[in-house]
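The values are calculated or read from the model by the stated rules, or taken from the named source; none is laboratory data. Quantities reported herein were computed from a predicted structural model and do not represent experimental measurements. All Cβ positions, glycine included, derive from the backbone under ideal geometry; neighbour counts span all protein chains shown.
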Amino acid sequence: LLSTALEKIKGVQRIEELEQYKVKFLGKKGELTGILRGMGSLAPEERPIIGQIANEVKEQIQRAIEEKTAILEEKLIEDKLQRETIDISLPGLKREVGALHPLTIVRREIEQIFMSMGYEIVEGPEIETDYYNFEALNLPPNHPARDMQDTFYITDNILLRTHTSPVQARTMEKRADAIPLKIISPGRVFRKDDDATHSPMFHQVEGLVIDKNITLGDLKGTLLLFAKEMFGEKQKVRLRPSYFPFTEPSAEVDISCFLCEGKGCSLCSQTGWIEILGAGMVHPNVLRAGGYNPDEVQGFAFGMGVERITMLKYGISDIRELFNGDLRVVKQFARG
Ligand code: FA5
């Protein structure tokens, strides 16, 4: 019995198996217990001898099991350590770094440039009334120029603003006739437009200056300074005569398109120039509606397209790239 038991215990590989042998050899119904039970049938002088042998066998089996348990437990721990070692030479998991959207980068840059010229930032609502979007800007009902901007109407009187110009009217009204007034107003605007350079939702930055003795020269100088700060010293601007009901005279302002080196390309058409904003001298009717006296003060205003400036700055030829949610566009602007 002893030699079979020791043999079996030696060969055991798993702790659970060992438990089974413990029951088999030493348990209440085990083989050794059976032998001890049978001692009653032995001659009295044989009992102590057999009893002693049986006890020794029991002890040896117990010791063998204990030793084997210790060995197997140690092996378990070793296996576990082996499995769980960390290979410190493997490259770590890289955390993705977020990036600002190019439109946010450019909007902040525009804000910085004008703040350094002493402008204050004001905001206005995206859902506007007909009054501020049109009427206060010298566009009475049925004025033909309302068709210049295809409007999303919510009701007859409420609409999604088609430009940031209503903030001009709101600010003049609020500040009464305070001068000098120097504000910019960035924000989202909406029009029924949709092609490679026109999006139904886009961003403008409105600018408005009111003071004594303001001239068209001040407007051009301001815009030229802005263009140079934004695109570099060599940048040129050109004013084309245009029409807006809320300015007189009015101009559309182009900047030279360095993407196509003045020769024309998909972004800047054949001319080599791209229109980035509308501007002009504030119309006397608008000054009056805002509580100013046009005989005493003048003003200039402009509204620039943030997408156009962004496209030019980063060489993006389709405006939809800015809104399709493709992270590859944004990731190019990640720092670090
Ligand atoms: C206006 O919106 C006038 N409110 C600008 C203005 C302000 C004139 C103050 C005078 C005084 P216009 O519709 O041209 O003007 O738009 C201004 C600029 O917005 C354009 O030069 C262009 O850069 C940009 N823009 C216009 N429509 C879109 C569009 N659908 N998608 C992207 N950019 C556009």
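Just to be sure I understand, how many residues within region 314-336 are part of a helix (DSSP H, G or I) and either more than 16 Å from the ligand (Cβ to nearest atom) or not aliphatic (A, V, I, L, M) (or both)?
Selection size over region 314-336: 8.
Of all residues in region 190-235, how many are farther than 17 Å from GLU252 by Cα and away from the ligand (no atom under 14 Å from the Cβ)?
Residues in region 190-235 being farther than 17 Å from GLU252 by Cα and away from the ligand (no atom under 14 Å from the Cβ): 9 in total.
Among the numbered conditions (1) more than 29 Å from ILE9 (Cβ to Cβ); (2) touching a Lys or Arg at 6+ places or on another chain (Cβ under 7 Å); (3) part of a helix (DSSP H, G or I), tell me where GLN112 comes up short.
Of the numbered conditions (1) more than 29 Å from ILE9 (Cβ to Cβ); (2) touching a Lys or Arg at 6+ places or on another chain (Cβ under 7 Å); (3) part of a helix (DSSP H, G or I), the odd one out for GLN112 is (2).
For region 272-313, enumerate the residues that are within 8 Å of the ligand (Cβ to nearest atom) and among the small types (Gly, Ala, Ser).
The answer is GLY278, ALA279, GLY280, ALA301, GLY303, GLY305.
Name the one entry in GLN332, GLN298 that is surrounded by 20 or more Cβ atoms within 10 Å (Cβ to Cβ) and polar (S, T, N, Q).
Criteria check complete, one pass: GLN298.
Take the residues in region 252-283 that are of a type in the set (Gly, Ala, Ser), in contact with a Gly (Cβ under 9 Å, 6 or more places away or on another chain) and buried (at least 19 other Cβ atoms within 10 Å of the Cβ), then tell me which one is modelled with the lowest pLDDT.
So, considering only residues that are of a type in the set (Gly, Ala, Ser), in contact with a Gly (Cβ under 9 Å, 6 or more places away or on another chain) and buried (at least 19 other Cβ atoms within 10 Å of the Cβ), the one modelled with the lowest pLDDT is SER256.
Being of a type in the set (D, E, K, R) and closer than 30 Å to VAL167 by Cα is true for just one of GLU123, GLU46, GLU73. Which residue is that?
Checking each option against the conditions leaves just GLU123.
Condition first: out of contact with any Asp or Glu (no Cβ under 7 Å at 6 or more places or on another chain), within 11 Å of the ligand (Cβ to nearest atom) and not β-branched (Val, Ile, Thr). Now tell me which residues in region 236-255 satisfy that.
Answer for region 236-255, where residues must be out of contact with any Asp or Glu (no Cβ under 7 Å at 6 or more places or on another chain), within 11 Å of the ligand (Cβ to nearest atom) and not β-branched (Val, Ile, Thr): TYR243, PHE244, PRO245, PHE246, GLU248, PRO249, SER250, ALA251.
Can you name the condition, by its number, that MET230 falls short on among (1) touching a strand residue (DSSP E or B) at 6+ places or on another chain (Cβ under 7 Å); (2) within 22 Å of GLU321 (Cα to Cα)?
That leaves (1) as the condition not met.
Select from region 71-97 the residues that are touching a residue at least 24 places away in the same chain (Cβ under 8 Å) and surrounded by 10 or more Cβ atoms within 10 Å (Cβ to Cβ) and write down the one among them that is nearest to ILE309 (Cα to Cα).
LEU76
Looking at VAL122, VAL106, which is the one that is within 16 Å of the ligand (Cβ to nearest atom) and in contact with a strand residue (DSSP E or B) (Cβ under 8 Å, 6 or more places away or on another chain)?
VAL122
Please name all residue pairs, on different chains or six or more residues apart, with Cβ atoms under 7 Å, provided the first residue is in region 100-126 and is over 19 Å from ILE276 (Cβ atoms) and the second residue is surrounded by 13 or more Cβ atoms within 10 Å (Cβ to Cβ) and among the aromatic types (Phe, Trp, Tyr).
LEU100/PHE333
Looking at this structure, is THR85 among the polar types (S, T, N, Q) and outside any loop (DSSP other than H, G, I, E, B)?
no
What are the residues in region 120-166 that are aromatic (Phe, Trp, Tyr), under 35 Å from the mean Cα position of the chain (by Cα) and surrounded by fewer than 19 Cβ atoms within 10 Å (Cβ to Cβ), if any?
PHE152, TYR153
Pairs only if they're at least six apart or on different chains, beta carbon under 8 angstrom, first in region 235-255 and within 11 Å of GLY280 (Cα to Cα), second of a type in the set (S, T, N, Q) and surrounded by 18 or more Cβ atoms within 10 Å (Cβ to Cβ); list them, first residue then second.
If the second residue must be of a type in the set (S, T, N, Q) and surrounded by 18 or more Cβ atoms within 10 Å (Cβ to Cβ), the pairs left are PRO241/SER250; SER242/SER250; TYR243/SER250; PHE244/SER250; PRO245/ASN138; PHE246/ASN138; PHE246/SER165; PHE246/GLN168.
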